[in-house]
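Here the structure is laid out as structure tokens; the discussion comes afterwards.
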Amino acid sequence: MKVRILIVSMVALICYSAVSAAVLVVAAQQDGLVADMTEGVVRKIDKDAGKITLKHGEIKNLNMPPMTMVYSVHDKSLLDAVQTGEKVKFKVINEGGKFVIKEIRPAAAPPE
Ligand SMILES: [Cu+2]
């Protein structure tokens, strides 16, 4: 009888863990914490303001269709790696309603 209770408890615990993990992944995706690299072309760089204008493809983690728009960067030094007119790959997240680029690099560069 004790063994049976133990097995039932273990199964319950495993199910609970699996559900918790799945819920966390979904929550992270909705917050944009799990972000894919998106392709884009640099239209304009404003280093003083820490902003970059990108013509970008679909951004799956933000559910955003292709368009041209201005983004803030997490750190102004990120802008040193790219140039106007260049094809880039970037990672953007939604930080409390504000889209912030966390990572950006020339599309030709190998991933780190
Ligand atoms: Cu956009």
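The values are calculated or read from the model by the stated rules, or taken from the named source; none is laboratory data. These figures come from a predicted structure and were not determined experimentally. Using ideal geometry, Cβ is built from the backbone for each residue, glycine included, and neighbour counts are taken over all protein chains shown.
The table below lists the values:
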item	result
Every residue from the range 53-64 that is more than 12 Å from Phe99 (Cβ to Cβ) and either assigned to a helix (DSSP H, G or I) or within 8 Å of the ligand (Cβ to nearest atom) (or both)	Lys60
Hits in the range 89-103 - residues which are more than 14 Å from the ligand (Cβ to nearest atom) and not in a loop (DSSP other than H, G, I, E, B)	Lys89, Glu95, Lys102, Glu103
Which listed residue, of Gly32, Gly40, is modelled with pLDDT under 70, touching a Phe, Trp or Tyr at 6+ places or on another chain (Cβ under 9 Å) and within 16 Å of the ligand (Cβ to nearest atom)	Gly32
Subset tally (residues that are within 16 Å of the ligand (Cβ to nearest atom), part of a strand (DSSP E or B), farther than 12 Å from Lys47 by Cα and not β-branched (Val, Ile, Thr)) for the range 65-88	2
